[in-house]
Structures are given as structure tokens and as C-alpha cells.
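Quick note: the coordinates plus some simple rules give every number you see, no bench work behind them. Note that the coordinates shown come from a computational prediction; the quantities given were computed from them, not determined experimentally. We place every Cβ from the backbone using ideal geometry, glycine too, and count neighbours over all the protein chains shown.
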Amino acid sequence: MRNTLPVLTVLLAVVAIWYVAAIGMNSTWVRDQAARSETVLGMGEFVRQTLSLDRPVLPAPHQVAAGLWDGVFGQKITSKRSLVWHGWITLSATLAGFAIGSLAGIGLAVGIVHDRAMNQSVMPWAVASQTVPILAIAPMVIVVFASAGITGLLPKAIIAAWLSFFPVLVGMVKGLRTADAMQLDLMRSWNASRSQVFWRLRLPSSMPYLFASLKVAVAAALVGTIVGELPAGASAGLGARLLSGSYYGQTVQIWAALFVAAALAAGLVFLIGWIERLALRRMGLAR
Amino acid sequence: MSALPIIAVWLGGWALNAWLARFDTRLSRFLVALIFGITLLILWEMTVRAYAIPTVILPAPSQIAASFTQNTAILWGDFVQTILKGALSGWVLGAAAAIATAIAIDRSPFLQRGLLPVGNFVAALPIVGIAPILVMWFGFDWQSKAAVVVVMVFFPILVNMVAGLAATDQMQRDQMATWAAPYWQSLAKMRLPAAMPFLFNGLKITTTLALIGAIVAEFFGSPTRGMGFRISTAVGRLDLPLVWAEILVAAIAGSLFYGIVALIEKKVTFWHPSQRKQRG
């Protein structure tokens, strides 16, 4: 808890800068309005107006908070205006894709560690693929699936799975190889079979790497889902909220959707971190 | 019936690789990876032809290559707009800002303890989401894309640079102190060089982020050129070969970008253990 005070200070500074920036960026509009109606604004009135515009260039923090409150608690959960509803649509696709992607990644990693040909064939491409902006294929996947009559959760989940697949694969291969020669020799001297070596040595020692890459993968899966919700026609999900907000100039809506997305990402990463702590403590690996 | 040749090619490629993999030399490793890639391409081409898969679902590699050679002018224009103007300028600005910030907060442990958790937290967030806001602020042209890239690359580089500046140990600092080196001298001669491996780690991670930021930001509005614009409009016209050609450009650009940064890293941090020639 040593860091609480510094972190709070930084956060307070961010909010303060945000307010100043909101006043500055919205001032042109307010000044124009005042000039048009030929009124002279006092300092207090001027600031009050910059912070309470309907479509501000930069909404003030309390406006975003109000938008968030209204979106989360002010609507029925089933309503199309509810951020909980949109958030759930994004979250379900993210989780489905994340599950598919990480299971496939773990499976392929197991194959790669046990088969040399597979290792030499797949690994260079898997590593190289990390430098490729895969996210660019998102709109194409959505449209291709839509033309085949498949819409809804599945296409987004596939993008999310694709994005979470490679980090898990690379991390897990590294993890399954961390067992050092000494430990492998010990297993040999106990006459352990291949599967015993895998279940009792390789798999347990890969856990820290697995969890580290799962955290990266879940964040990537969320980004993938949100971008998958962008192409025209999408009407549900946080990505669609962002896009419609940008079409209609509803800045408060964009910021509110953004904060829900941030909260989702933070929640997912935190959840995996919590499972990681539990698992590692149970295995006696916690440091 | 048409599945038979496809399976035959797959088994043939696999058997060749299984045989080659036993040699485990530098050349054989390269060949194995190459053969795997080529086999996948052939299988792709064969599957598309054998089952007459419509182009709007999956174009064959040959169609993509044809589209690539026909549209070089368009692709080059998009490359300049998105990669050079949007991603690269944003990446340079963001990296410079992050390095400057890291050095500025270097003397204040209080700010570091405050900024680092926040930076780590922000680095995990879906920052691409700010693209619509920045497009509203900076307009449709490349400036808004560069702004998105700046925000996306800032925090990962900042976190790495701060860790790098803390990478010297007490003994080395004491040594500088015994030579009566002032703060700036010990920064320039000891701590900045020691931070380079960390900095380049951050720079390499963010090359991909920069491309993603520049491409995705174009989905929210762009002039009538750029890779993101081309992808979304070509998808709308069901011109899938052009989309795949565009993705090919993105892949090449991403690999080149990463490769160039890795090459510079090799020159700058030649002394680091990870750069030594591996034996055996």
C-alpha cells in the first residue's frame, strides 16, 4: 500500500488536467455562442457553460460519470441504451474467443514441444506473426461471415480467438521448455514416462508463463472484439457504441463506452491475476 | 475425391519436414519453415480451386498476387498514407515523449511510484477505443492517426524506459560517485546505455501497436486513401483479393518495421548478453 498516495496524486493530477483541458477545448464554442447572442459572460458563468455542453469537444469528468451512471444504472438491462447490455455482448464474445484461442494455443504448444518437425515448421511463423497487425483482417472476417449468413457472436469470437491464440502459443512453448536439464534428468532417473514428465514437471513449471501470456491474450481478445464490432451494420456491443457515438457527435457516449471497455479489460486482467495467485500458491510457486 | 490430392500434398510436405527436422542445422531449420509456409499456400490454392470456393469468401493466393501486382500504385499510396505518415510519425513522437517523460520523472521516486502502476494499468486497456475521439479532434487526415499511435505507444515505452533507468546496480552507481560524476554525466555515460535493452524491448513491442492504431483509426474516418480506408471500402465492394493484398502489405510492413528496430538494437546494444553469438 506504499504506492497508494503517489498513485492517488497522479490520478488527481489527471482529473485536474482534464478539467482544465475541457474548459480550454470547449471555450471556442461557448465564446461563439455568447458572441452570437451578444451577451457578455462572467468568468464563473463561462466556466460553468464549458463544463455542461450537450456535445462538448471534451466532456468534463463529471459529465462522463453522469453518462456512465445513466448507461449502467439508469436503463433497464435489456434496453438498447443500457451499457450493461452492450458490455455483456462484447464480454461474451471476448470470453468465447479467449477460451477458444487459448485452448488452441495450449494444445498446439504441447504438440510443438513434443514434435521437432512441428516445432521447426510452426514456431518461426508463430513468432513472425506477432509483428503483423492481424487486427486489420477484422472487418473482412465480419463481412465474409455475414455473406455466409453467420452473424452475431461467432465472427467476433473468431477474431478474438485469433488474437489471443499467438501470445498463448508463444508463452506456453516457452513455459513448457523452462524445466531445466537437471530436472529432466531426475525424471529420467526415476524412469518416468513421457506423459508423466509432461503432467508432473513440464506442465506445472509452465504455469507462470501461461498466466503471463493469458493476461496479454485476454486484453488482445477484448480489443479484437471491439474492433470486430466496428464494421457497418453492427448495432450492438461497445464497438458499435463507439462508432455510432462518433457518427452522431455524442462525445459523452463515446467516453462512457470507453470507460466500460477499460473497466472490462481491467476486470478480466485482474480476474486472471487472482486465479494466478490462487493457483501458484496452491502449487507452492508463489513468491 | 478432390480431397485426395490435397491430403497427399499435406502428407508429402509433412514427411519431408519430419525427415529434414532430424538434421537440425541452420539451413535445415530455415528449409523446414519455408517448406511449411509453401505447403500451406499450395493447400490453400488447391482447396479454393477444388471446391470452387467463391472469391468473396476466400480468394486463392494466385488471385491475391495478381491483385497485388495490378494495384501497386494504390497499395503504395496507402502505404505512404498509413504507415509512413500515420504510424511512423506517431511512433517516433510517442517514443520521444515517453523517453523524455521517463528521464524527467527519473529524479522523483514519488512520481515514479505514482506513474508506474497507472502506466502498467493503461498499457493493458483497449486504447484503440480513443480513435473516434482523436479523429474528431484532429480531423480525418494522418494527424489524427499519428495522435492515436502516440497514445498507444506511450505507456509501454514509458514503463520499459523507467525500468531500464533503474537497471544499474548500487555498485556501478557507487563507482560513478567515486569518480565524482555529476548526475547528467552518470545518466549519459552509464544509465542511458544500461537502459537501452529495456528501451528497445518497448520499442519492438510497440511497432505492431503503431500499425494497428494507424489502421484501426482509419475505420472511424479518413481521406480517400490509406490501408484502413481501403480495407473497409474494398470489403464493402466484395473485392476480397484487394483486401488480402492490403493485408499482405500490412504484414510486410510490420515485419520490416520490427526487423529494422531489431537491427538498430543489435548495433546499439552489441554488449548485451542476449546479442552474443549463440554457440552450439
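Using helices alone, what [θ] at 222 nm do you get for chain A, with -39,500 (n - 2.57) per DSSP H run of 4 or more residues, divided over all residues and rounded to the nearest 500? When only DSSP H runs of four or more count, the value is -25500 deg cm²/dmol.
Counting other beta carbons within 10 Å of each residue's own, what order do A:Glu38, A:Glu45, B:Glu246, A:Glu276 fall into, fewest first?
A:Glu38, A:Glu45, A:Glu276, B:Glu246
Taken residue by residue and averaged, Cβ atoms of other chains lying within 10 Å of the Cβ of B:215-228 number 3. Note on A:Ala13 and A:Ser92: the model spin-label points, each 7 Å out from Cα along the C-beta direction, lie 4.3 nm apart. Each of the peptides B:151-161, B:137-147 was scored by the mean count of other Cβ atoms within 10 Å over its residues; in descending order, highest first, they stand as B:151-161, B:137-147.
Which is farthest toward the positive dipole end of the stretch A:83-282 among A:Ala157, A:Val144, A:Pro208, measuring Cα position about the Cα centre, with Cβ charges +1 (Lys, Arg) and -1 (Asp, Glu)? My answer, from the dipole projection, is A:Pro208. Principal-axis analysis of the Cα atoms of chain A puts helix A:251-282 at an angle of about 30° to the longest axis. When the square roots of the Cα gyration tensor eigenvalues are ordered a ≥ b ≥ c, the ratio a/c for the stretch B:18-79 is 1.5 or more and a/b does not exceed b/c, which makes its shape oblate.
Roughly speaking, what % of Cα-Cα pairs in chain B are separated by over 32 Å, rounded to a whole number?
Pairs farther apart than 32 Å: 44 percent.
Need one value for B:29-39: mean number of C-beta atoms belonging to other chains within 10 Å of its residues' C-beta atoms. Don't skip to the answer; put the middle values down first.
Details: counts 5, 2, 1, 9, 7, 2, 2, 8, 4, 0, 1.
Across the residues of B:29-39, the mean count of other-chain Cβ atoms within 10 Å is 4.
Modelled spin-label separation between B:Phe30 and A:Ala148, with each label point placed 7 Å from Cα along the Cα-to-Cβ direction: 3.7 nm. Put a dot 7 Å past the Cα of A:Ala66, heading toward its Cβ, do the same for A:Ala181, and the two dots end up 6.9 nm apart.
Between B:Ala166 and B:Gln143, what is the FRET efficiency for a Förster distance of 56 Å, r being their Cβ-Cβ separation, to the nearest 0.05? The computed FRET efficiency comes out at 0.95.
Between B:Tyr51 and B:Thr233, how high is the FRET efficiency from 1/(1 + (r/R0)^6) when r is the Cβ-Cβ distance and R₀ = 35 Å? Nearest 0.05. Walk me through the intermediate numbers first.
Working: r = 28 Å, r/R0 = 0.81.
The pair B:Tyr51/B:Thr233 has a calculated efficiency of 0.80.
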